[in-house]
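The values are calculated or read from the model by the stated rules, or taken from the named source; none is laboratory data. Just so you know, these numbers come straight off a predicted model, no measurement behind them. Glycine also receives a Cβ, built like all others from the backbone with ideal geometry; neighbour counts cover every protein chain displayed. Please note that ligands, DNA and RNA were not included when accessible areas were found on the heavy atoms of the full protein model with its side chains. Shrake-Rupley method; radii C 1.70, N 1.55, O 1.52, S 1.80 Å.
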Amino acid sequence: MLSDPIVALATPPGRSAIALIRLSGRGVFTLAARCLSPFRPDPAWVVARATLHHPTTGEPIDEVLAACFAEPHSYTGDDLVEISTHGGLLVPADALAAFVAAGARPAAPGEFTRRAVLNGKMDLLQAEATADLIDAGSPALRRRALQQLDRGLSQRLAALREEILELEALIAYDIDFPEEDEGPVSEERVRGAWSVVRGRVKRLLDTAPEGERLREGALVVIAGPPNAGKSSLFNALLGNERAIVTEIPGTTRDAIEAHVVLEGFPFRLVDTAGLRASDDTVEKIGIEVSRKYLGAADLVLYCEECVVRGAGLATARDEFLSGVQAPVIEVVTKADLPACPPARSPARPPAVAVSTVTGAGLDALKRRLAEVAFGRLLSLGDVEPVVTRARHRAALTQALTELEAFQAARAGGVDAAATATHLRAAVTALDDLIGVVTPDDVLDRVFGAFCVGK
């Protein structure tokens, strides 16, 4: 099952100029020759024209272009053939059926990339980066995926692994020469090495919250009293009229969610019902939904219209803000109307004044959103690696836990051999992350979300 011939369509089905079919595995050159004429696997990396026909009936299916890639110099590390057919629904489907009739098996999702990992063509982090690059919905995720595909994160983790192994070597030396006075390795040297690697693991782990937001989008909840311009702001940030806007308070009854890219970063905007006491059953349900979104928010935009903003609403605003756990950006809406002085605590950042009529303040608000939701990534730039998946976070958390357990055990007088087991466990956690030894169930979860032809 790791080298049998597999086939899949690598492009989306439907009307198009070209469709790409991939064949890979042991004996695929012989298999391809049953369906293509003429077919010459040599020289490799050369595109040649051929007629594709059914291997049993001989019926012509299409005029195609075929390219061969001999192992190990292919994407999967096995022999591989890529066939470009005309697009559409019928021709690619008939072409796939012909190769299956010739002896190929339809590939499982992500099976080509899975074979690339198992054949040492890439590590598990690079495979995940391939999926992220395909699914990227923002420039920020595209850049991070390319960096990870280029082994940026892999190299950082390999360096951390080496530092932990060097620390383990110091402890092993201490174990081998227990008769030395106070040990051959000073406590200061061990603590210094531990402090450095622990700090580097922690800094990488700290990128996880924002890194994971790159894949799903930062959840931004637009909240505030009724008729505060929330829906107008939602539409303005989104760039189209998604939410209904009227002058009637309570128009928005349910939460509306939409994806948008602002300043190159992905966001999930949520327009919510105005927060107020209400006897309307439907509105009360909408307000309850709003509160649930607020509990899950990465960031909250609290809106008040400029013409009513003042000391009279300060208490309600402060009560609301005190119950929100996520960072809050205060927004003064309808800024095109006569200005009102912002009522706020000096301890809070100034509110952003915006007008959805003139567009004033919208660019400043977008920049503020990016700074608050992705500030750490902005400060790191595109050079430093970032953790982008929950699997990464879990493995690094385990490594950090084991490193801290190692130091606690040494401080508690535990013998060196026992403390060293924590370092070995930390190395194992990083090995699992890179994919040095990865159980099949982990591989199934990683590749299960891939498209079939990848």
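Can you figure out the FRET efficiency of A101 with L146, using R₀ = 56 Å and their beta-carbon distance, to the nearest 0.05?
After rounding to 0.05, the efficiency reads 0.90.
In summary, the stretch 63-185 shows an alpha-carbon radius of gyration equal to 1.71 times the 2.2 N^0.38 Å reference for compact globular proteins.
Residues in the stretch 81-240 average 42 Å² of solvent-accessible surface per residue, probe 1.4 Å, ligands and nucleic acids excluded.
With every protein chain kept in the model, how would you rank H54, H259, H392 by accessible area, 1.4 Å probe, largest at the top?
Putting H54, H259, H392 in descending order of accessible area: H259, H54, H392.
Here the peptides 423-432, 129-138, 56-65 are ranked by packing, the mean other Cβ count within 10 Å, and the order with the highest first is 423-432, 129-138, 56-65.
Of the accessible area of the stretch 1-143, with the probe set at 1.4 angstrom, what percent is carbon plus sulfur? Carbon with sulfur: 60 percent of the solvent-accessible area. Descending by average beta-carbon neighbour count within 10 Å, the peptides 359-369, 26-36 line up as 26-36, 359-369, the highest first.
The alpha-carbon positions of the stretch 26-114 define a convex hull whose volume is 93 Å³ per residue.
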